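The values are calculated or read from the model by the stated rules, or taken from the named source; none is laboratory data. Predicted, not measured: the structure shown is a model, and the values here were computed from it. Ideal geometry is used to build each Cβ from the backbone, glycine not excepted, and the neighbour counts take in all protein chains shown.
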Amino acid sequence: MVKKGLGKGLGSLFGSDDIEELSSPKKTDKRSDGDIQSIKISLIEPNKKQPRSKFDDEKIDTLASSIKEHGVISPIIVTPIENGMYRIVAGERRWRAAKKAKIKELPAIVRSYSDEQVAEIALIENLQRENLNPIEEAVGYNLLIEEFNLTQETISKRVGKSRSAVANSLRLLSLEPALQKLITDGSLTSGHARAVLSVEGGEMRLALAKKIIEGGLNVRQAEALAKELMKKKSAPKKKVKSAADIETENLANSLSSAIGTKVSITHGAKKGKIEIEYYGADDLDRILGILGLR
């Protein structure tokens with residue numbers, strides 16, 4: 001019986017036998033591929049491309065205390081590498097806690113995996129345990145794309161998420177480092193981050209993020225604020241009038257008042273023009289009379 005919650009993607013990579021062993025580990029003296037072995041902890045190294053970058057020290061300490069009392073109940077999964085060493089495929093938290101508990105050996109399932117499989121398993125295991133923050137998840141997807149040429153479609157099938165979810169996750173990596181840090185430390189959710197991504201420019205994004213955090217805005221409120229900011233940005237800006245523009249405008253207004261009709265003055269670098277509106281022959285005669293031309 002396969003342990004619930006591990007998902008189709010993880011099952012296809014581990015194999016159902018491995019998942020059963022994780023659920024109900026059994027002692028064995030065999031050393032064939034896939035059996036549980038007792039391995040010196042000094043021969044085990046972490047996966048440097050593990051998508052999870054932050055480990056909760058308090059939880060590691062709690063797990064270490066449990067290991068001291070009860071031992072390591074579930075084996076970790078490792079793959080053999082050069083010089084008789086092993087690389088962790090799944091179970092880095094247990095390995096870290098065991099080191100803190102000063103355990104000399106760890107129970108481990110040894111399987112041969114390619115680098116691509118190791119990266120996939122590490123990502124899927126963390127996703128299904130909900131151990132990754134949104135940035136770590138995006139980094140994990142990007143690793144599969146950049147190093148192993150997987151498509152977003154392929155990744156979505158293997159991790160059991162929609163392609164749009166994978167695409168939206170990857171978009172977080174286009175955010176400025178300061179904004180990525182706010183997501184990593186939990187100040188912004190991935191939903192907030194999508195609202196921030198909808199505005200252009202680092203300064204505007206940072207300003208929006210600050211308002212979201214200070215105002216305690218939910219995702220819907222953040223999206224509304226983002227739309228408002230973009231609307232203001234796209235509105236045509238009023239031209240700032242120079243001293244010469246103001247003087248020309250005042251002169252036009254004075255002439256309009258003097259002759260009782262609209263006057264426009266266009267002032268150029270070398271020439272300009274004055275336009276006087278009139279409404280019919282009688283109005284023209286009136287204006288010419290004011291100007292002393294009748």
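The table that follows gives values for the structure above.
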{"read-out": "Answer residue from region 142-164, given it is under 18 Å from E125 (Cβ atoms) and among the small types (G, A, S) and is surrounded by the most Cβ atoms within 10 Å (Cβ to Cβ) among those", "value": "S156"}
{"read-out": "Region 145-185, residues that are within 19 Å of K210 (Cβ to Cβ) and of a type outside the set (S, T, N, Q)", "value": "L172, L175, E176, P177, A178, L179, K181, L182, I183, D185"}
{"read-out": "Any hit, region 208-220, residues being polar (S, T, N, Q), surrounded by 15 or more Cβ atoms within 10 Å (Cβ to Cβ) and outside any helix (DSSP H, G or I)", "value": "no"}
{"read-out": "Only one of E200, E228, E176 that is acidic (D, E) and over 24 Å from V139 (Cα atoms)", "value": "E228"}
{"read-out": "Given (1) touching a residue at least 12 places away in the same chain (Cβ under 8 Å); (2) assigned by TED's automatic domain parsing to the domain that holds V196, index of the condition E275 fails", "value": "(2)"}
{"read-out": "Residues satisfying the stated conditions in region 269-286, i.e. at pLDDT below 80, charged (D, E, K, R) and closer than 24 Å to T248 by Cα", "value": "K270"}
{"read-out": "Residue count, region 223-272 (criterion: free of Cβ contacts under 8 Å to residues at least 12 places away in the same chain and closer than 30 Å to S198 by Cα)", "value": "11"}
{"read-out": "Residue match in region 241-261 (condition: at pLDDT below 80, in contact with a strand residue (DSSP E or B) (Cβ under 9 Å, 6 or more places away or on another chain) and on the phi < 0 side of the Ramachandran plot)", "value": "yes"}
{"read-out": "Matching residues, region 198-208, being closer than 14 Å to E228 by Cα and not polar (S, T, N, Q)", "value": "V199, E200, M204, R205, A207, L208"}
{"read-out": "Failed item, numbered, when H192 is tested on (1) of a type outside the set (D, E, K, R); (2) over 30 Å from G91 (Cβ atoms); (3) surrounded by fewer than 21 Cβ atoms within 10 Å (Cβ to Cβ)", "value": "(3)"}
{"read-out": "Helices (runs of 4 or more DSSP H) enclosed by region 54-145 - at least 3 residues per element that are under 30 Å from A167 (Cβ atoms), in contact with a strand residue (DSSP E or B) (Cβ under 9 Å, 6 or more places away or on another chain) and aliphatic (A, V, I, L, M)", "value": "115-128"}
{"read-out": "Any hit, region 239-260, residues being surrounded by 11 or more Cβ atoms within 10 Å (Cβ to Cβ), among the aliphatic types (A, V, I, L, M), touching a helix residue (DSSP H, G or I) at 6+ places or on another chain (Cβ under 8 Å) and outside the structural domain of A207 (by TED's automatic domain parsing)", "value": "yes"}
{"read-out": "Conditions (1) acidic (D, E); (2) more than 13 Å from the chain's Cα centre (by Cα); (3) under 30 Å from R93 (Cβ atoms): number failed by E137", "value": "(2)"}
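One line per residue, one yes/no per condition, for (1) at pLDDT below 90; (2) within 32 Å of the chain's Cα centre (by Cα); (3) aliphatic (A, V, I, L, M):
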site: L63; (1), (2), (3): yes, yes, yes
site: E69; (1), (2), (3): yes, no, no
site: I73; (1), (2), (3): yes, no, yes
site: G84; (1), (2), (3): yes, no, no
site: A90; (1), (2), (3): yes, yes, yes
site: A97; (1), (2), (3): no, yes, yes
site: K100; (1), (2), (3): no, no, no
site: E105; (1), (2), (3): no, no, no
site: A108; (1), (2), (3): no, no, yes
